[in-house]
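Engineer: First, the structure itself, so that you have it in front of you.
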Amino acid sequence: MMNDPADTRFLSALQLALADSDDPDCERCSAAVNQALATGAPPDLRAARISMDSLPDQLRDRIMAQVHARMASDLSAIWDLMPGAPRTRRPN
């Protein structure tokens, strides 16, 4: 079972980036990512990574840029990782 929230955030961002692509190479990778998110099992996580690595270089780079942008702009993830950040969410 996937316990690392960073893995979940990465795969969720990857899932969204793949869904935004109309490239047919993304379909197989998307299925592997969906399976990894559903189970969190180490073999499924590895299969998702292998599937992502097997994409053509330019496509993989474009998808990873989108994933990076999504993760970098996820303020809730950044907040959760700050030392001393309260676990309850309150408006400022």
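None of the figures in this text is laboratory data; all of them are computed from the coordinates on show. These figures come from a predicted structure and were not determined experimentally. Here the Cβ positions follow ideal geometry from the backbone for every residue, glycine too, while neighbour counts run over all protein chains shown.
Engineer: By the scheme Lys and Arg +1, Asp and Glu -1, what is the net charge of all other residues having a beta-carbon under 13 Å from that of residue 32? Intermediate values should be presented prior to the final figure.
Structural biologist: Numbers: positive: 28, 46, 49; negative: 25, 27, 44, 53.
Result for the local shell: -1.
Engineer: Note the full-extension length gain between residue 74 and residue 25 as 0.36 nm times their separation in residues minus their Cα-Cα distance, in nm to one decimal.
Structural biologist: On the way: separation 49, 0.36 × 49 = 17.64 nm, distance 2.66 nm.
That pair, residue 74 and residue 25, stretches by 15.0 nm at full extension.
Engineer: Still on this model: For region 1-79, rounded, prolate or oblate, judged on the Cα gyration tensor with a ≥ b ≥ c (square roots of eigenvalues), a/c < 1.5 rounded, else prolate if a/b > b/c?
Structural biologist: On the way: a/c = 2.02, a/b = 1.11, b/c = 1.82.
Oblate, since a/c reaches 1.5 and b/c is not below a/b.
Engineer: While we're here: Please compute the net charge surrounding residue 46, taking Lys and Arg as +1 and Asp and Glu as -1 over other residues with Cβ under 12 Å from its Cβ.
Structural biologist: -2
Engineer: Here is a follow-up. Under a Cβ-Cβ cut-off of 13 Å, what is the net charge of the residues other than residue 10 that fall near it, where Lys and Arg count +1 and Asp and Glu count -1? Walk me through the numbers on the way to the answer.
Structural biologist: Details: positive: 9, 49, 70; negative: 4, 7, 74.
Charge balance in the 13 Å sphere: 0.
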